[in-house]
Amino acid sequence: EGRLRFTALVSGHVQGVGYRAFVKSNAADLGVAGTVENLADGRVEVVAEGFKPDLEVLLVRMNNGTAHSEVTNVAVEWAQAGGLRGFYVY
């Protein structure tokens, strides 16, 4: 099975609580590439590329969040991978 991409918009108390670093750490563990950034409206956007099983694990972890975050919703759109390399926090 080939690589896929998801774009996820994470809602809740997810800014200023180490959530982006948490996503980056988990993505690195799973060999997933992409980006994570805070949005002006308080959400966090995650773009991730990898193999579907790894992406699904990442989504579960993103839903669980960190000890200090409170995730209320993760809206996910799937697409074909575009060849992202590395994982960057913005």
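The values are calculated or read from the model by the stated rules, or taken from the named source; none is laboratory data. Values in this document were obtained by computation on a predicted structure and should not be read as measured data. Reconstructed Cβ throughout: ideal geometry from the backbone, glycine too, with neighbour counts over all protein chains shown. When the accessible area is computed, the model is the full protein with side chains, heavy atoms only, and any ligands, DNA or RNA have been set aside. Shrake-Rupley method; radii C 1.70, N 1.55, O 1.52, S 1.80 Å.
What fraction, in whole percent, of alpha-carbon pairs in the chain exceed 22 Å separation?
Considering the chain, 16 percent of its Cα-Cα pairs are separated by more than 22 Å.
Leaving out ligands, DNA and RNA, what percent of the accessible area of the chain is carbon and sulfur, probe 1.4 Å?
Carbon and sulfur together cover 49 percent of it.
Please list, in order, the residues from region 1-26 whose amide nitrogen is less than 16 Å from a point placed 7 Å along the Cα→Cβ vector of Val89.
Inside the label zone: 14-26.
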